[in-house]
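Please read the structure below before turning to the comments.
The values are calculated or read from the model by the stated rules, or taken from the named source; none is laboratory data. Only a predicted model underlies this, so the values are computations on that prediction, with no experimental measurement involved. Note that each Cβ is placed from the backbone with ideal geometry, even for glycine, and that neighbours are counted across all protein chains shown.
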Amino acid sequence: VKVHNVKLGRGGIREIEFFVQTQQLIAGGRFPELRGRETVPMLDALAARGWITADARDALTRQYWFLRRVEHAVQMVADEQTHVLPEEDEELERIALMLGFTGEAEFAEAFRASLQQVERHYAALFET
């Protein structure tokens, strides 16, 4: 997980945003309620209209907020606007503890699982 870009990397925040925006491009012309700007409310609206499943909505919402929390912790530790997880073990450990994990290993496992879940939903856009 070291030096992974939380925002732009695979499975990151941008993939969730792109997932939503792609669905909006397809359906937003017919359904005005799908023309919003905020990611999480649009996940709700897409599910309500049947464009995505409730499971997809729940998973992507959960991962969106998890990745945003990671992003904020990264920025607090770095004391600058960045989206890249640190390379140093000590800084990664600080982030893990800030997020409520017992350490770097537990955080890394949860982070990888989050990225994989986002990637699966993102990839599914292009499979159907």
Going through the range 1-20 in order, the residues found to be of a type in the set (Phe, Trp, Tyr) and either crowded, with 18+ Cβ neighbours inside 10 Å or at pLDDT below 95 (or both) are 19
Say whether the condition of being in a helix (DSSP H, G or I), more than 12 Å from the chain's Cα centre (by Cα) and more than 22 Å from residue 124 (Cβ to Cβ) is met by at least one residue in the range 47-67. no
Of the conditions (1) basic (Lys, Arg); (2) surrounded by 15 or more Cβ atoms within 10 Å (Cβ to Cβ); (3) in contact (Cβ under 8 Å) with a residue 60 or more places away in the chain, residue 57 satisfies every one except a single condition; which number is it? (3)
Would you confirm whether or not the range 20-43 contains a residue that is under 20 Å from residue 122 (Cβ atoms), among the acidic types (Asp, Glu) and assigned to a helix (DSSP H, G or I)? no
